[in-house]
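First comes the structure, then the notes that go with it.
The values are calculated or read from the model by the stated rules, or taken from the named source; none is laboratory data. On a predicted model such as this, the values are computed, not experimentally measured, just so you know. With ideal geometry, Cβ positions are generated from the backbone for all residues, glycine too; neighbour counts draw on all protein chains shown. Heavy atoms of the whole protein, side chains included, go into the accessibility calculation; ligands, DNA and RNA do not. Shrake-Rupley method; radii C 1.70, N 1.55, O 1.52, S 1.80 Å.
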Amino acid sequence: MIRGYAEQPSPFAGGEVTLRVATDAPRFRVELHRCGDGLTLCEKSPWLPGADAPPHLPSHDWGRPGTGLRGASLPAWAAYPMPAPAEPGVYVAVLVEGDESGRDRTDPDRTTADGREAKALFVVRPPRPAARILYKLPLLTYHAYNLIDGHAYDPARAAGHWCLYNMPRPEEVPGGLAPGVGLHRPGGGTGATPYDITNFDPYDPTPRQTYVHWDGPFVAWLERHGYAVDLCTDVDLHREGAELLEPYRLLVSAGHDEYWSDAMRAAVARHVAGGGNAAFFGGNTCWWRVVFHDAVTFSRVGFWHEEGAPENELIGVSFRNGGERDRDEHPVPVGFRVQHAGHWVYEGTGLREGEVFGLAENLVGYECDGAAFDRTTGPPYVPTGADGTPPGFTILGVGDARASGWGLGNGAATMGLYSGGGTVFNAATTDWVRGLATSPAVERITANVLDRLG
């Protein structure tokens, strides 16, 4: 058994990244694979001495000594510093166990960045901005669902793990419950088990809440089509704020960017107010407001629309007027019905007014976001603004979840955009990226947004 994580989730090219690793093998080595349009082996370490260490609590920094629930001493996971790769991008460290004779005794799957163990994800940032587009990975979402080895906490045994979706009550934890979950532990995109791994996607067998499910395919598409982008994590946005975004024309987020701190939101709002752009090719975006208790531990305090200004004010739409369908419940496909077919977003798609695209991909899938609108007047439908959607938000496509028997509030995904200094585009569904593989309309809309706003 071998697990590890990168202590710096986004080192700079030419800098240093420290892997924290625990293994019962006498030796192990590291293979660094760059995740672009496929996986490319970039570097191999020599054999390193293995050191075992027990799991810590979810809120611990596993690189520091800790104390278990029963008072046991938990030694820090061993540190293995190494040079960060010279080429920016997303990387996965593949951890290979070896025997005393220097022979591999494990053979991790090198065809995918995904894995329940033996892998660790990190981003390499350029020393200085090198592109006009910044793509942000949702590290907070990855860790919110991170259950390490998949063994959920059992109060009777005071054993197992929790994430933000199976938090025990304080009285169920010896010594009380420390707040939140941490970033310094295995997982964070790969190398651990998501809490909802059994909540399968009938269209994509990769686990949700992992890099390979949403972000990986989008990053691969960007590289395949020649888009120059810099990459970062949402932790970088939290720590560096508006200064991080200042050199960039466009911030891009995709998939399931669910967890946002005050600092993240304020930075993007300032970026847009100052003429910068943002494009959200995802759903359930900015749903939970989170707070950090220290540099690496965070917890959620409530939904943004209940804890502060509604998320619509920034991103244009909200999960509370969209909805969720798990597993293969409500299998009737939902796509987007076109409004304002002459808009630049639709340029070159050939789509006509009232036509539906994305049905074959079930594009309005796992989770979607919407702006409130009056169903009795239209089409074309116009936001009421009652939920905080900004004036001037143009609904370009409607995916009617209510017609398929599900949805929250108004029950319709609303793809659209507004301008408030800069422009904010929102695709309003977690599964937009799935259409990049098979839908010419989805591809062209994505390219139009990137080309125009980036």
Single match in GLY191, GLY226 (criterion: modelled with pLDDT of 95 or more and open to solvent by less than 10 Å² (accessible area, probe 1.4 Å))
GLY191
Looking only at region 56-110, filter to residues that are part of a strand (DSSP E or B) and in contact with a Cys (Cβ under 9 Å, 6 or more places away or on another chain); which one of those is surrounded by the most Cβ atoms within 10 Å (Cβ to Cβ)?
VAL92
Restricting to region 278-296, and then to whatever is open to solvent by less than 10 Å² (accessible area, probe 1.4 Å) and part of a strand (DSSP E or B), can you tell me which residue is farthest from VAL317 (Cα to Cα)?
VAL290
One residue from GLU246, GLU313, GLU240, GLU307 being open to solvent by 30 Å² or more (accessible area, probe 1.4 Å), among the charged types (D, E, K, R) and within 19 Å of VAL90 (Cβ to Cβ):
GLU240
State whether one or more residues within region 35-47 are modelled with pLDDT of 95 or more, surrounded by 18 or more Cβ atoms within 10 Å (Cβ to Cβ) and either farther than 24 Å from ALA113 by Cα or not aliphatic (A, V, I, L, M) (or both).
yes
Among the residues of region 259-266, are any within 30 Å of THR112 (Cβ to Cβ), part of a helix (DSSP H, G or I) and among the aliphatic types (A, V, I, L, M)?
yes
Can you find even one residue in region 45-52 that is under 23 Å from VAL123 (Cβ atoms), charged (D, E, K, R) and outside any strand (DSSP E or B)?
no
Condition (residue is assigned to a loop (DSSP other than H, G, I, E, B), in contact (Cβ under 8 Å) with a residue 24 or more places away in the chain, surrounded by fewer than 20 Cβ atoms within 10 Å (Cβ to Cβ) and not hydroxyl-bearing (Ser, Thr, Tyr)) applied to region 144-154: is it met by at least one residue?
yes
Condition check: touching a helix residue (DSSP H, G or I) at 6+ places or on another chain (Cβ under 7 Å) and in contact (Cβ under 8 Å) with a residue 24 or more places away in the chain. Does ASN448 satisfy that?
yes
Looking at region 351-454, what strands (runs of 3 or more DSSP E) fall wholly within it and have at least 1 residues that are under 21 Å from the mean Cα position of the chain (by Cα) and within 23 Å of ASP257 (Cα to Cα)?
367-370, 412-420, 422-426
Which one of THR389, THR376 is over 20 Å from TRP214 (Cβ atoms), among the hydroxyl-bearing types (Ser, Thr, Tyr) and open to solvent by less than 20 Å² (accessible area, probe 1.4 Å)?
THR389
From (1) open to solvent by less than 40 Å² (accessible area, probe 1.4 Å); (2) in contact (Cβ under 8 Å) with a residue 24 or more places away in the chain; (3) over 16 Å from ALA413 (Cα atoms); (4) assigned to a loop (DSSP other than H, G, I, E, B), pick out the condition that doesn't hold for ASP328.
(1)
Name the pairs whose Cβ atoms lie under 6 Å apart, with the first residue in region 86-114 and without any contact (Cβ under 8 Å) to a residue 40 or more places away in the chain, the second in a loop (DSSP other than H, G, I, E, B) and not aromatic (Phe, Trp, Tyr), and 6 or more positions between them or separate chains?
PRO108/ALA118
Just need a number here: residues in region 416-442 that are free of Cβ contacts under 8 Å to residues at least 60 places away in the same chain and in contact with a helix residue (DSSP H, G or I) (Cβ under 6 Å, 6 or more places away or on another chain).
0
Could you tell me whether region 16-31 includes any residue that is surrounded by 20 or more Cβ atoms within 10 Å (Cβ to Cβ) and among the hydroxyl-bearing types (Ser, Thr, Tyr)?
yes
